[in-house]
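The values are calculated or read from the model by the stated rules, or taken from the named source; none is laboratory data. Bear in mind that the values here come from a model prediction, so they are computed numbers and not experimental data. Here the Cβ positions follow ideal geometry from the backbone for every residue, glycine too, while neighbour counts run over all protein chains shown.
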Amino acid sequence: MIQIGHDKCCVLIVENDDDIRAGLAGELHQLGHEVILESARDAALARADLARFDLLISDLVDHDPATEPDSVRSFKMGVTSLQARRTIAELHDIIEKTLLFKLQRIDPDQKTVREKIDLELPSDLTLMNSVLEYLLDRVAKLGLIKIEQSNLFVALDEAFVNAVKHGNRNDPAKLLRVTAELSAHEAIFTVEDEGDGFDVREIPDPTDPANLFKSNGRGVLLIYNIMDEVEYSERGNRLKMVKRPETGAPIG
């Protein structure tokens with residue numbers, strides 16, 4: 001665990017479940033941060049002081065899948081001010097605590113029709129480690145893909161590293177947006193940076209003997225080999241990856 005410094009972050013939690021809202025607030029209070037609670041999304045968005053918050057955590061649980069067959073459980077975490085981009089250590093602990101709380105108290109053994117996870121974070125690889133572990137745990141708990149056989153860790157790690165290092169040039173003032181859409185049929189991951197982008201066609205072919213000892217392009221090649229579908233935006237700063245069960249059939 002990274003030691004907390006003298007600064008503290010201000011966190012807005014939007015959650016309609018009283019127990020979850022109080023539980024997560026308690027976890028973050030223990031880290032020494034200021035936590036403000038809202039039970040409704042409309043009330044949270046109507047606040048006049050949104051700019052003061054360093055981090056927004058919203059929609060930890062949406063509707064009950066048992067009552068809505070086509071329901072989507074959603075979770076959003078996003079940076080809302082420049083201050084949090086300068087306090088990576090504090091932000092790291094908040095993210096780590098939040099994702100751990102969600103896995104242990106909200107997500108365990110619960111399968112849903114669809115699930116969407118939306119994260120918007122500063123470009124720092126220490127933050128990406130917690131995000132990567134959380135996403136893999138969610139995929140595994142949903143029973144979608146056999147993580148140990150899929151090399152999914154390698155593909156997502158390469159995508160995060162490329163976006164942080166090559167896209168945003170390790171600049172924590174630039175955000176990285178990570179979205180995961182999980183269902184019984186597939187896992188869709190999107191990684192978008194705020195860099196200048198690139199043309200994927202200009203990457204040297206790492207399988208060409210002339211490029212055998214060059215490291216450029218190997219990460220992209222790994223992603224293409226591991227994922228079932230890979231698509232870069234025209235600008236090259238947004239990567240969409242799709243992974244499906246080995247059988248091609250739904251799980252469950």
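Here are the numbers for the structure shown:
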quantity	calculated
Residues of segment 95-125 that turn out to be at pLDDT 90 or above and more than 18 Å from Val72 (Cα to Cα), as a count	13
Subset of segment 86-106 [exposed (fewer than 15 other Cβ atoms within 10 Å of the Cβ) and of a type in the set (Val, Ile, Thr)]	none
Residue match in segment 237-247 (condition: over 18 Å from Thr179 (Cβ atoms), assigned by TED's automatic domain parsing to the domain that holds Ala159 and at pLDDT below 85)	yes
Which listed residue is modelled with pLDDT under 90 and surrounded by fewer than 16 Cβ atoms within 10 Å (Cβ to Cβ), from Asp54, Asp59, Asp70, Asp18	Asp70
